[in-house]
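Beneath this line is the structure, given in structure tokens, with notes to follow.
Every read-out reported here was derived from the displayed coordinates using simple, explicitly stated rules and does not represent laboratory data. Remember, predicted model here, so these are calculated numbers, not experimental data. Virtual Cβ from ideal backbone geometry, glycine too; neighbours counted across all protein chains shown.
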Amino acid sequence: MTDDPEPPGEATPSGPHASEAAGGRQARRPRSTDPQELGFTPRGPVPWLAPFLLISTGIRTLLAMLFGAYLDKRELQNALDAKIGKQIGPDGGLWLDYVADLGDGFNATYSVAYLLAQPELEVDGHRLPRAQTLVMGGDQVYPSAAYEAYEDRCKGPYQAALPVTPSARPTLFAVPGNHDWYDGLTAFLRLFVRSRDRHFGGWGTGQSRSYFAVELPAGWWLLGLDDQSGSYLDDPQLTYFDTVAERLGPQSRVILAVPAPTWVKAVDHPTAYDSIDYFIRTIVAPTGAQVRLLVSGDLHHYARYAGPDRQLVTCGGGGAYLYPTHKLPERIEVPPRDTLARRASVSHPYDLAGRYPDAKRSRRYGWGIFGRLPLRNPGFTTLLGTVHTLLMLAMAGVATHREGTDQRLFSVPLVAMLLVTLLGAAVFAKPPSAGGKRHVRHWILGVAHGTAHLGLAALGTWAWLSLPFYDWPWPLPVAAAAVLYGPVIGLVASQVVAAYLLVAGAFGVNVNELFAGQGIEDAKAFLRMRIDPDGTLTLYPIAVDRVSRDWQVNPDQSPTSSWLTPKTPLHPRLAEPPVRISGPTPPQG
């Protein structure tokens, strides 16, 4: 094993039209925001309730569940170098950034990337220089791991933010999330684990596998795990970290970057934390080293749980839709007492010490579902309109007893439509991709939701039969229904869904859909950390209340300056006061 990763290549700027010295594909700086000039296409936010996206995501999740073991490339990585990195700043300390869940709509993703790339940020009176090390914490792209999606939603925006490697030569490490795993990790390995052209925009890539270990100043270590969407830790990975553990000791302190905040998810799924507990208990604890900070993305907000000698931080605000904070438990036990792990560590209480956005603002965001659902998801509204139109035609045929042979060719039997509506609503209450057990509340809310749609269909049928369209010669009634009834009932049905999501969210059901359906771009966050030469670790959780939506070509044409700047300046602030972690503490039980 080697001690240090291959250093990033030196930047070779050449004036305002800098070449591809940093590994970027753009041969010169763009003269406009046109995709041909940028070299990538800025994408809008992913419409998570779009019918085809729902179907394709469900299929990918199912394939990942059924064939994940066959697509697992971690065993093959045993043939790759097993490098252990080392990152130390010129003053003996280090600035370290953490960002996760970033490859979504351009406005949100680039707003965060732009801030990460600036030489210095002034945040609530703190002068925070650009980090020498950047960690991407998972889900670098949405909705799938296609190479084109990586280019447009992740690599392109980050190259635009930092096009050429600056003199400080920052290094990038990445943890794969569940969306990175949808193609079996193929695109992730091609982008972040390379033997040549080891650049990602102006950042040099520093890892040789999908997991990594980095020695930091003053006895700190950064360990990044790849648990293949919550399955297990493979043998080559454990062997790699066994070698890392040989360099740990009682004075070592560890930052552990993991793909998901299983400490929170274990509240509902007690086994979720088992892999992390196993890693800490069998790899880190025997050395006497202490895991002082666990950091993750996956949930798209900032939240910090504080324990006796460890901080558990979720910071998934790099670009994806906002996830609520008002449903977070105020206290958790980690690991949970009812875990199935046979030799779990002793449980410790952790209290919710910080969150962004705050609970009050998070609740207000939830009420925005009525306006945002049809606006952000026109395909979903169209699907609702189509289903309700078919349901109305079936009901109208039964109610009038006038359905002829031609009409039956364009309608669906009423019983079939009733079953589709009720079953669809029941499945929606607990999507297969959500995991976990289906409780009574899911069935009650799901059936109630379906019943509400049947009531709306009955009311719509009564209203439609009161109009003259149904008496027109066939097939004019079907055409009128498609043109007039469908759009109106689709919009009304979307409000029924919105009301259901708001009510269900209060009971902890469809909380993800309540916010995914809104696609909220604002309220983003990332973590800037400072390790002082004396070993003090300070966390600066940086929040962006409103991302930019209007960009212009940067008048500063220096090679390392961002290609685009916001027309209205961004205003980063601290999500909570700085959090300081200092000095070794007695080992946990």
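Side notes on the structure shown:
- The range 519-589 has equivalent-ellipsoid semi-axes of 34, 17, 9 Å, by the square roots of 5 times the alpha carbon gyration tensor eigenvalues, sorted largest first.
- Three-way shape call for the range 281-354 based on the alpha-carbon gyration tensor, with the a/c threshold at 1.5: prolate
- Inter-label distance, nm, simple model (7 Å from Cα along the C-beta direction), LEU491/LEU476: 2.5 nm
- For the range 301-395, the alpha-carbon radius of gyration amounts to 1.65 times the rule-of-thumb value 2.2 N^0.38 Å expected for a compact globular protein.
- Overall dimensions of the range 455-577 by Cα: Rg and Dmax, Å: 26.0, 86
- Using a simple spin-label model with pseudo-atoms 7 Å out from Cα toward Cβ, ARG363 and LYS327 lie 1.6 nm apart.
- Gain in span if fully extended, THR568 to ARG127, counting 0.36 nm per residue against the direct Cα distance: 156.7 nm
- Taking only alpha carbon atoms, the range 137-237 gives an Rg to Rh ratio of 0.97, where Rh is the Kirkwood radius.
- Summary of packing: across the peptides 479-489, 107-117, the per-residue average of other C-beta atoms within 10 Å ranks them, highest first, as 107-117, 479-489.
- At R0 = 60 Å, FRET efficiency that the Cβ-Cβ distance of ALA463 and ASP34 yields, to 0.05: 0.80
- When only Cα pairs below 8 angstrom with a gap of at least 6 residues are kept, the range 129-287 shows a relative contact order of 21 percent.
- Peptides 509-520, 548-559, 303-314, 347-358 ranked from most to least packed by the mean count of surrounding Cβ atoms within 10 Å: 509-520, 303-314, 347-358, 548-559.
- Here GLU148 and ALA285 are evaluated by their C-beta separation; at R0 = 51 Å the FRET efficiency comes out at 0.75.
- Approximate shape of the range 170-301 as ellipsoid semi-axes (Cα gyration tensor, √5λ), whole Å, largest first: 23, 20, 14
- Rounded to 0.05, the FRET efficiency of the GLN557 and ALA306 pair, given R0 = 45 Å and the Cβ-Cβ distance, is 0.50.
- Distance from the Cα centroid of the range 303-325 to that of the range 141-177 is 22 Å (rounded to whole angstrom).
- Taking a sphere under 12 Å around the Cβ of GLY307 and counting the other residues whose Cβ falls inside, with K and R at +1 and D and E at -1, yields a net charge of +1.
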